[in-house]
Amino acid sequence: MGKYTDVAESFAQALVAKDFQRAHALLTPRLRESLSPQALAENLRSMYSGYAPDDEPVSTRFDREFCMEDWPNKEPDDLGWAYVGILGSSFVEAVTVIVSQSSEGARIRQVDWGRP
C-alpha cells in the first residue's frame, strides 16, 4: 500500500473532526469544483441522519484489507481505492474513495458515500 491510504484515512478523519476545509483540500482540483466544503458536510450528515438523527460521527475505522490497487475501470493516474468506516455511537457508515495522482500530488478524485 502507499500514499493513497494516508489520503483516504486523512479525509475520513477530517470529516469526523468536522474540518471540511481540510477534507476539501484532499480532493483533486476537478472534484473540488463540484464538491464544496458545505457539500461534504451535507453528504456526511445524509449518510446517517435518516436513522440516527441525534448522533454524530466520533471515529474512523480503517483496515488495509479494504483497499485495492487494481480494479475494473481503473484510470491511468489512479493510485488506489479505499473503504474507510465512519462510526457514531449508534451507526456505522463509510466513505469509499479513489485516490489519483494530480498536479497537487495524491488527491481524491471520487467519493462514494455510505456502505454498499
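Residue count for segment 75-106, restricted to those that are more than 30 Å from residue 52 (Cβ to Cβ) and either in a strand (DSSP E or B) or in contact (Cβ under 8 Å) with a residue 12 or more places away in the chain (or both): 11. Considering segment 9-50, the qualifying helices (runs of 4 or more DSSP H), each wholly inside and each with 2 or more residues that are within 11 Å of residue 111 (Cα to Cα) and out of contact with any Lys or Arg (no Cβ under 6 Å at 6 or more places or on another chain), run over 37-48. Residues that are at pLDDT 95 or above, surrounded by 13 or more Cβ atoms within 10 Å (Cβ to Cβ), touching a Leu at 6+ places or on another chain (Cβ under 9 Å) and not β-branched (Val, Ile, Thr) do occur in segment 28-40, at least one of them. Exactly one residue among 22, 61, 30 is touching a helix residue (DSSP H, G or I) at 6+ places or on another chain (Cβ under 8 Å) and of a type in the set (Lys, Arg), and that residue is 22. Return the pair list, or none, for Cβ contacts closer than 8 Å from residues in segment 1-21 that are without any contact (Cβ under 8 Å) to a residue 40 or more places away in the chain and small (Gly, Ala, Ser) to residues that are surrounded by 14 or more Cβ atoms within 10 Å (Cβ to Cβ) and in a helix (DSSP H, G or I), at least 6 apart or on different chains. Taking only residues 6 or more apart or on different chains, the pairs are 10/22; 14/20; 14/22; 14/23. For residue 62, the stated conditions do not hold, so it cannot be described as under 23 Å from residue 27 (Cβ atoms), in contact with a strand residue (DSSP E or B) (Cβ under 6 Å, 6 or more places away or on another chain), free of Cβ contacts under 8 Å to residues at least 24 places away in the same chain and outside any helix (DSSP H, G or I).
The values are calculated or read from the model by the stated rules, or taken from the named source; none is laboratory data. Predicted model, so just to flag it, every value in this text is computed and none were measured. Glycine gets a Cβ as well: all are built from the backbone with ideal geometry, and neighbour counts include every protein chain shown.
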